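Bear in mind these aren't lab numbers, they're just calculated from the coordinates by the rules spelled out. Everything quoted here is computed from the prediction, not taken from an experiment. Here Cβ is always computed from backbone atoms with ideal geometry, including for glycine, and neighbour counts include all displayed protein chains.
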Amino acid sequence: MKILIAASELEPFISSGKMAGRIRNISKVAKKDVEIEYIIPLYTLVDENQFDLKPTGKGFEIPVADKVENAEIWEGTHPETGCRVWFVSNRYFERDGLYGNDTGDYPDNAERFVFFSRSVLEVAKHMSKPQIIHCNDWQTALVPLYLNEVYKKAGQLNDVRCVLSIHDIRFQGRFWLYDLYILNLGWEVFSPDKLEFYNDINFLKGGIVYSDAILTVNEDYSGKILTPELGCGMEGVLEKYRDKLFPIGLKDSLIFDNGPFDGELSDRLIKFYKQVAK
């Protein structure tokens, strides 16, 4: 079974917090019966020479709003785990920061991660060919939406499943409704049961609705995000899809951050992947 893990950051290539380390650790946990590949943006901040990254010579034309952007695909090897890592290169990632700078978030973040999400699916279709795409937080939460609304409706990637990990529910990828044209989808996806969230577009909500399963770091966090105090407005959506919610760690365990990465944790994650892939 092959898993393609899509994320906006990954240690040691690029990191702004705990998510990058947790995503790296997935390949340490899922050692048996699972082949892991990663895909992340090729930011200017990633040292291509240090990590011996090479262009594959392949690229894809990605529709974003009323234009087409080219996704150039690079390839490398994770220095700690030996996993293949795909990198998506484009002008969107030629910045001094990941999501913003000293003046605030980049105003085109919706465009940037619509582009990246659709690039993930092109790599999945033509190069990686996984059984599961494992997405992480709002930056890749549109992958399951596009998989179901575009690819499967066209008879493509029909057997692929999507998992969404929620690392920090405070960050949801919320944009005003007039950014919907960037997605190149009809207004039918802007509804309370899909992307609409208090008259805005909410990328994370789309991932929750369209994914086949939702992963959290432990039982404690799964419980907290179902409450009004810590659900950040998303608790009602998560309650509706509670049957898809799966905590990988028991109670308030931080084992996914710190290890050990074998034994019960490994068994739980592999069992989870196998259930999703059915």
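Extension gain, T103 to E35, is 20.4 nm, computed as 0.36 nm per intervening residue step minus the present C-alpha separation.
For region 222-235, putting each phi into the Karplus relation 6.51 cos²θ - 1.76 cosθ + 1.60 with θ = phi - 60° gives couplings of 4, x, 5, 6, 8, 9, x, 5, 10, x, 6, x, 9, 5 Hz, in residue order, rounded to whole numbers and with x for Gly and Pro. Taking 0.36 nm per residue of separation and subtracting the Cα-Cα distance, full extension of the segment from Q156 to M1 would add 53.9 nm. In sequence order, region 40-49 has phi-based couplings of 9, x, 8, 5, 4, 6, 7, 7, 5, 6 Hz under the Karplus curve 6.51 cos²θ - 1.76 cosθ + 1.60, θ = phi - 60°, and Gly or Pro positions carry x.
From the coordinates of this entry, percent of Cα pairs over 24 Å apart is computed, and it appears in (i) 56; (ii) 63; (iii) 46 under the label (iii). Considering only DSSP beta bridges whose two residues both sit in the chain, what percent are antiparallel, to the nearest 5? DSSP beta bridges in the chain are roughly 45 percent antiparallel.
Among W176, W138, the ranking by other beta carbons within 10 Å of each residue's beta carbon, starting with the fewest, stands as W176, W138.
Karplus-derived 3J(HN,Hα) values for region 100-106, using 6.51 cos²θ - 1.76 cosθ + 1.60 with θ = phi - 60°, are x, 9, 4, 8, x, 5, 5 Hz; glycine and proline are entered as x. Taking V143, V34, V123 in turn, the Gaussian network model of the chain (Cα-Cα springs below 10 Å) assigns the largest fluctuation to V34.
Return the single residue from H126, H134, H167 with maximal mean-square fluctuation; model: Gaussian network over the chain, springs between Cα atoms under 10 Å. Ranking H126, H134, H167 by mean-square fluctuation puts H126 first.
Taking a ≥ b ≥ c as the square roots of the Cα gyration tensor eigenvalues, with a/c under 1.5 meaning rounded and otherwise prolate when a/b beats b/c, else oblate, which class fits region 167-278? Judged from the Cα gyration tensor, region 167-278 comes out prolate (a/c at least 1.5, a/b above b/c). Each Cα pair under 8 Å and six or more residues apart adds its separation to the average, and for the chain the resulting relative contact order is 18 percent. Segment R91..E264, full-extension length gain: 58.0 nm, with 0.36 nm per residue of separation and the alpha-carbon distance subtracted. Distance between the C-alpha centres of region 138-178 and region 56-79: 18 Å, rounded to the whole angstrom.
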